[in-house]
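Structure, as structure tokens:
The values are calculated or read from the model by the stated rules, or taken from the named source; none is laboratory data. Since the model is a prediction, treat every value here as computed from it, not as a measurement. Note: ideal-geometry Cβ built from the backbone for every residue, glycine included; neighbour counts use all protein chains shown.
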Amino acid sequence: MCHNVIDGRLHLSCQHFIPMSTRQQDCLRPNCLFSRNHIHPIGCREKSCTRMMNPPQRNPIRISDSKCQDCIIRGDGRGVLA
């Protein structure tokens, strides 16, 4: 099934993921409503067609050892500014 891929920064200290951009990954199946290879016209009501996407996938393109800005401001544990 098709799904969204969220590129972003992963903070290892607090495990928070900050999204930066999103793109759609096409499954190329003819029975998937979200695919560019969907065989039915716009407004498809075919019950055999897939109407749901898989959950979004997080893709960490940047990895940071420090805490995220929200954790630093809240003062959760040790932060760069705490």
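Here are the numbers for this structure:
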{"item": "Subset of region 24-45 (residues that are within 12 Å of residue 3 (Cβ to Cβ) and among the polar types (S, T, N, Q))", "result": "24, 25, 35"}
{"item": "Residue in region 51-63 that is surrounded by fewer than 13 Cβ atoms within 10 Å (Cβ to Cβ), of a type in the set (A, V, I, L, M) and at pLDDT 95 or above present", "result": "yes"}
{"item": "Residue under evaluation residue 13, criteria (1) closer than 18 Å to residue 61 by Cα; (2) touching a Cys at 6+ places or on another chain (Cβ under 7 Å); (3) modelled with pLDDT under 95, criterion not met", "result": "(2)"}
{"item": "Subset tally (residues that are assigned to a strand (DSSP E or B) and either in contact with a helix residue (DSSP H, G or I) (Cβ under 8 Å, 6 or more places away or on another chain) or of a type in the set (Asp, Glu) (or both)) for region 9-24", "result": "2"}
